[in-house]
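This report refers to the structure that appears directly beneath it.
The values are calculated or read from the model by the stated rules, or taken from the named source; none is laboratory data. All of these numbers come straight from a predicted model, not from anything done at the bench. Neighbour counts run over all protein chains shown; Cβ positions are idealised from the backbone, glycine included.
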Amino acid sequence: EQGKLTPELTAAIAAAPTLQVSHLVVRGHQRLSAGEVLSLVDGLRGQNILAIQINEWQQKLLASPWVERATIRRVLPATLEITVHERVPMGIGRLGTSLYLVDAKGVIVDEYGPAYADIDLPIIDGLAAAPSAGALIDQARTDFAGRVIAALAPRPELLERVSQIDVSDLHDVVVILDDDTALLRLGDADFIARLEQY
């Protein structure tokens, strides 16, 4: 019968080179290299571009703690465009004796070490959750640290001088400035005004 798809014709169409993923374009990455992003979707190249389950491959990209969200878009012929949105660390959280890059949502992005020497962020103490909480980081304290950093952001010359932030007390943040040993208690509001008074 003319015009009817036979199994052989369906297989031939599925195997057509223009429908096989041969190009992967990575966008939006800054901290991760394109190679690191591509390693998260290893096995995607060579598959039929119309048959792949985009959601499953996007979930594989989220295996990296740097990736907050990701999208994959088909661009015919034979190309997939991968766009990643990376997490932005707000500080270096001290948990016990270890240091970690932490974002404003309290997600541990990575352990802080020599690979991140270019990142100049304040050390944040007091983020650890109670052992019974079932989480490493306390969300209320993370939010408080984020509020302090966001409040200082309009004054980058002040924020750059902040060396350490302690949010152990949710009503009284303690700040230490670069080249200074004084513990500055800033309360829970008016952080810029209180820093300027000092």
Is it fair to say Ile192 is of a type outside the set (Gly, Ala, Ser) and within 16 Å of Leu95 (Cα to Cα)? no
Residue, surrounded by the most Cβ atoms within 10 Å (Cβ to Cβ), within the range 67-94, restricted to residues that are basic (Lys, Arg) and under 12 Å from the mean Cα position of the chain (by Cα): Arg87
Expected single match for in a strand (DSSP E or B), under 14 Å from Ile92 (Cα atoms), modelled with pLDDT of 95 or more and in contact with a helix residue (DSSP H, G or I) (Cβ under 8 Å, 6 or more places away or on another chain) among Ile149, Ile165 is Ile165
Output the qualifying pairs, or none if there are none: Cβ atoms under 8 angstrom, residues six or more apart or on different chains, first residue in the range 164-186 and of a type in the set (Lys, Arg), second residue not in a strand (DSSP E or B). Arg185/Asp172; Arg185/Val173
Confirm whether Asp138 is farther than 14 Å from Gly91 by Cα, within 20 Å of the chain's Cα centre (by Cα) and at pLDDT 90 or above. yes
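Within the range 122-136, which residues are surrounded by fewer than 19 Cβ atoms within 10 Å (Cβ to Cβ) and either touching a residue at least 60 places away in the same chain (Cβ under 8 Å) or not polar (S, T, N, Q) (or both)? Steps first, please.
Let us first name the residues in the range 122-136 that are surrounded by fewer than 19 Cβ atoms within 10 Å (Cβ to Cβ), namely 123, 128-136.
Once the filter is applied, which keeps residues that are surrounded by fewer than 19 Cβ atoms within 10 Å (Cβ to Cβ) and either touching a residue at least 60 places away in the same chain (Cβ under 8 Å) or not polar (S, T, N, Q) (or both), the range 122-136 yields Ile123, Ala128, Ala129, Ala130, Pro131, Ala133, Gly134, Ala135, Leu136.
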